[in-house]
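To keep things clear, I will list the structure first and then write my remarks on it.
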Amino acid sequence: MPAFLNPFSFFLACLAGWLNQHQQSVIDYLSEENRVLREQIGHRRLHFTDDQRRRLAVRAKELSRSALTQVANIVTPETLLAWHRKLIANKYDGSAHRKPRRPRTDAELEALVLRMAQENRNWGYERIRGALANLGHDLSSNTIANILKRNGIDPAPERERKTTWREFLSRHFDQIAATDFFTVEVWTLKGLQRFVVLFFIELSSRSVQLGGIAKCPNGLWMEQVGRNVTDCEDGVLKTNRFLIHDRDSVQLPPRSPNLNAFAERFVRSIKEECLERMILFGEDSLRTAVREFLVHYHAERNHQGVDNQLIVPATTERKAHGTVQRKQRLGGSLNYYYRDAA
């Protein structure tokens, strides 16, 4: 049999050709890597351009992962293969030939969708769509669903099960009051003595009523206060069904004012704006200071919790002209400004 027809010889010839091609591919890759490294001279760190990545990826695609592991020096085989996959993706990227998509929903309209979903936890996509139609907006249910999903808002069944404490309390504000004690050090003939002040605050209006002031409050004193504030005619709690307080059998965490935030905020206000600015002599001095602050608190002090308005607004019409006058309480510690009649 002729030598060129010998199967073994043919196999050897094919193997030699493959080895030669493999070696040539390795040489081509190393040569390209060498050129890229020379282009990087002068740089402290390697920063590849898109053209350099493309050239290395083209050469690397001729080699297997195992071969790249042995010859690649400046990047890992995984990086080279990732560059190669990106080249393939770019080749078949047809985004430049796509038709323009539907324009995104107007920002004001999207904000309205979010507002409706947040203020009405049980409203689904169709309910929101109907409410928008009442206002002259035509949105599909899919568009509404995408808006809510994009802003991290769950569908109606999930939203309805996640009522926050803020929402729960706001629904019952008209029926909720809070109470708390705070202490004040007062100079007496026996030296400094601690007085306890009890107050009640309505959450809806922020209106505050004094419950009592005592040096040594006890059970009998608290029973009388309880009768006074729950009196069906004159009791300050006659319109409230729920009372937030922290003097019961439940152990509350220390230094946790947010558990009774409205009451604690009032304590901070009366102390910082009034009581801590004065040296009080005797119980009468304390009662006068608290009484004057409460008048100022309701009729002369603006509150952020009620849209920066007065709790008890003046009955007279506000004037835009006239001399500005100052009403002082407690020697100027509390001030209120108004316009004098023209």
Worksheet item: Yes or no: Val184 buried (at least 18 other Cβ atoms within 10 Å of the Cβ), in contact with a strand residue (DSSP E or B) (Cβ under 8 Å, 6 or more places away or on another chain), in contact (Cβ under 8 Å) with a residue 60 or more places away in the chain and farther than 26 Å from Leu310 by Cα?
Response: yes
Fill in: Filter pass, Ala320 being at pLDDT below 90 and either assigned by TED's automatic domain parsing to the domain that holds Glu273 or not small (Gly, Ala, Ser) (or both)
yes
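A quick yes/no check of all residues on (1) under 30 Å from Asn335 (Cβ atoms); (2) at pLDDT 90 or above; (3) among the basic types (Lys, Arg):
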residue: Asp180; (1), (2), (3): yes, yes, no
residue: Val184; (1), (2), (3): yes, yes, no
residue: Leu203; (1), (2), (3): yes, no, no
residue: Leu210; (1), (2), (3): yes, yes, no
residue: Val236; (1), (2), (3): yes, no, no
residue: Asp248; (1), (2), (3): no, no, no
residue: Pro257; (1), (2), (3): yes, no, no
residue: Ala261; (1), (2), (3): yes, no, no
residue: Glu272; (1), (2), (3): yes, yes, no
Worksheet item: How many residues are more than 26 Å from Gln193 (Cβ to Cβ), free of Cβ contacts under 8 Å to residues at least 40 places away in the same chain and not acidic (Asp, Glu) if we restrict to region 270-311?
Response: 7
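Counting only residues that are at positive phi, give me the helices (runs of 4 or more DSSP H) lying completely in region 195-305 with at least 1 of them.
282-299
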Discussion item. Considering only residues that are free of Cβ contacts under 8 Å to residues at least 24 places away in the same chain and not in a loop (DSSP other than H, G, I, E, B), which ones fall in region 103-124?
Written reply: Ala107, Glu108, Ala111, Arg115, Met116, Glu119
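The values are calculated or read from the model by the stated rules, or taken from the named source; none is laboratory data. This one's a predicted model, so the numbers in the text were calculated from it and none came from an experiment. Note that each Cβ is placed from the backbone with ideal geometry, even for glycine, and that neighbours are counted across all protein chains shown.
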